1. Against the condition out of contact with any Cys (no Cβ under 6 Å at 6 or more places or on another chain) and over 23 Å from Lys93 (Cα atoms), how does Ala32 come out, does it pass?
2. What tally of residues in the range 77-116 results from selecting those that are more than 18 Å from the chain's Cα centre (by Cα) and either loosely packed, with under 14 Cβ neighbours inside 10 Å or touching a residue at least 40 places away in the same chain (Cβ under 8 Å) (or both)?
3. Scan the range 43-71 residue by residue and report those that are surrounded by 15 or more Cβ atoms within 10 Å (Cβ to Cβ) and of a type in the set (S, T, N, Q).
4. Would you check which residues across the range 33-91 are of a type outside the set (Val, Ile, Thr) and assigned to a helix (DSSP H, G or I) and list them?
Amino acid sequence: MHFLKQNKNIFLLPALLIMGATALSACTPVVAQRGNMLENYQVEELTTGESKRSDVLRSLGSPTTRSTFDQNVWYYIGQETQKRGIFDPKVVKERIVLVAFDEDGTLEAMEEIDRARLNIPYVRKKTKTHGNDRTLVQEFLGNLGKFNPQQESAATAGGSGI
């Protein structure tokens, strides 16, 4: 017992280190990758004016999306986000590559789209809808005439004739 009283610090220091390591590991960011994050070597394999659609598919894979109005324009969109604790995720890395083909399916243009993002804040308000704003008294009075006792049917009213 005498040993424990003299050497409190022997047990306190490891306990503090374990608690500190646990607290720090809880703040480790969660990294998520979405879409098709292209690497430079994939883009460099293709040459404008020579590569065909099949070459692009082989090198870059399927596009993330195609243009709504022109099926000859493909977009490769990749995004990496980090989320720390309860905070909203932040975009850490993003790459958007536009790939355009001519009518024959030959690569016509390939360019990286500017990644400048607008920081649009989230609005957490709800849109108010009209027509359902009734008080408790209005609900009660409005339901008074709706619940009438079931009327007897003709079969039970006439009886069975016994």
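1. On the way: out of contact with any Cys (no Cβ under 6 Å at 6 or more places or on another chain): yes; over 23 Å from Lys93 (Cα atoms): no.
For Ala32, the condition - out of contact with any Cys (no Cβ under 6 Å at 6 or more places or on another chain) and over 23 Å from Lys93 (Cα atoms) - is not met.
2. Residues meeting the conditions: 18.
3. In the first step, residues of the range 43-71 are kept if they are surrounded by 15 or more Cβ atoms within 10 Å (Cβ to Cβ); the result is 43, 46, 51, 53, 55-56, 59-60, 63-64.
Correct list: Ser51, Ser59, Thr64.
4. Residues of the range 33-91 that are of a type outside the set (Val, Ile, Thr), as a first pass: 33-42, 44-46, 49-55, 57-63, 66-67, 69-72, 74-76, 78-80, 82-85, 87-90.
Those that are of a type outside the set (Val, Ile, Thr) and assigned to a helix (DSSP H, G or I): Asn40, Tyr41, Gln42, Glu44, Arg53, Ser54, Asp55, Leu57, Arg58, Ser59, Leu60.
Read-outs throughout are calculated quantities, based only on the coordinates presented, and are distinct from any laboratory measurement. What you see is a predicted model, and the numbers here were worked out from it, not measured in a lab. Note that we place each Cβ from the backbone using ideal geometry, even for glycine, and neighbour counts take in every protein chain shown.
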